[in-house]
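Participant: This is the structure I want to talk about, given as structure tokens.
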Amino acid sequence: MLQQGSIKKSWLKVLFISPIVVVSLAVSAGTINEPQKTADEKPFMASGRVGDKNTGEPIVGAAIKIVGSTKGTVSDKDGRFTLTVKRGDEVKVAYVGYESQSLPIRNYNEIGLHLEFDLVKDNVDEANKIYDAVEKMPEFPGGKEALRSYVASSINYPVEAEKAGIQGRVHTAFIVEKDGRVTGARAMTSVDPQLDAEAIRIIKNMPRWTPGMQDGKPVRVKYLVPVTFRLDGGDKAIPFSEDTEYYVDNKLVDASILKTIDPKTVDHIDVLKKEPGQKNKVLMFTKK
């Protein structure tokens with residue numbers, strides 16, 4: 001009888017103690033922190049453009065997706081798009097009648113990341129193929145120095161942009177045809193609509209080039225030329241405001257730092273318009 005009584009008491013102790021153990025485990029599990037995202041996993045906004053490689057014209061309604069996810073968007077009337085990405089993603093672009101293209105997000109600079117997709121139509125005629133690089137690249141009359149001089153002397157600074165202190169570098173792309181004509185001029189990176197339009201005007205008015213050569217024959221070649229818009233006046237040309245971030249050689253700095261930099265050491269300044277929920281960015285690059 002005494003043994004049975006002892007057994008009952010032991011079971012009662014277990015029943016009373018067990019809930020406490022269970023509750024303790026539940027509390028401990030609730031205190032486990034979520035793992036922090038690394039810099040590589042941090043998403044950010046990238047912009048881009050989809051165009052026809054053969055004509056340079058924008059492709060409207062192209063599907064842009066992150067491979068392996070449901071995230072995506074479509075290109076607008078200018079072929080442009082914005083998409084939230086992170087390092088390690090693979091961005092794929094597809095459009096009916098064109099070969100799909102993919103681009104992995106690997107080494108990047110979050111500031112002003114731009115993705116350029118030039119889609120090629122299925123079964124492209126080799127005679128009209130556009131090359132990115134050839135045995136002998138196209139040449140502006142007089143060479144590279146003459147090209148730089150032409151661009152600098154051709155700029156008619158838009159009045160409203162000058163009043164607003166807007167400056168920066170517009171990266172343009174165009175095709176040098178077999179006969180040296182320049183076609184398909186467009187702005188690959190946008191600073192301001194007025195500056196973009198002026199850069200395209202300058203490119204379109206270029207004289208004929210010496211065409212690129214491949215296997216001893218003239219071919220169509222894609223070419224890139226930056227057009228820099230720079231205002232005199234030091235820091236007066238830089239828009240200072242609370243909704244703007246300032247970078248010197250890709251390093252975030254306080255706005256006051258820019259005022260201490262000798263204008264003679266500045267190579268160029270880019271002004272990036274803000275995306276929804278983000279700040280404007282002023283990027284200053286010094287001479288190396």
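Participant: Going by the conditions given, is ALA161 outside any loop (DSSP other than H, G, I, E, B), at pLDDT 90 or above and over 21 Å from PHE140 (Cα atoms)?
Facilitator: Working: outside any loop (DSSP other than H, G, I, E, B): yes; at pLDDT 90 or above: no; over 21 Å from PHE140 (Cα atoms): yes.
Judged against the criteria, ALA161 is not a match.
Participant: For residues in segment 205-243 being at pLDDT below 95 and of a type in the set (Lys, Arg), which is surrounded by the most Cβ atoms within 10 Å (Cβ to Cβ)?
Facilitator: That would be ARG220.
Participant: For segment 28-43, check the following and say yes or no: at least one residue is open to solvent by less than 70 Å² (accessible area, probe 1.4 Å), under 25 Å from THR172 (Cα atoms) and modelled with pLDDT of 80 or more.
Facilitator: No, segment 28-43 has no match at all.
Participant: Residue under question is VAL271, and the condition is that it be at pLDDT 70 or above and either in contact with a strand residue (DSSP E or B) (Cβ under 9 Å, 6 or more places away or on another chain) or over 12 Å from GLN167 (Cα atoms) (or both); does it hold? Walk me through how you get there before you give the answer.
Facilitator: Numbers: at pLDDT 70 or above: no; either in contact with a strand residue (DSSP E or B) (Cβ under 9 Å, 6 or more places away or on another chain) or over 12 Å from GLN167 (Cα atoms) (or both): yes.
Taking the combined requirement at face value, the residue does not satisfy it.
Participant: Right, next: Answer yes or no as to whether PRO276 is at pLDDT below 75 and open to solvent by 30 Å² or more (accessible area, probe 1.4 Å).
Facilitator: yes
The values are calculated or read from the model by the stated rules, or taken from the named source; none is laboratory data. In this text the structure is predicted, and so the values were computed from the model without any measurement. So basically every Cβ, Gly included, is an ideal-geometry build from the backbone, and we count neighbours across all protein chains shown. Accessible surface is based on the protein model in full, side chains and every heavy atom, while ligands, DNA and RNA are left aside. Shrake-Rupley method; radii C 1.70, N 1.55, O 1.52, S 1.80 Å.
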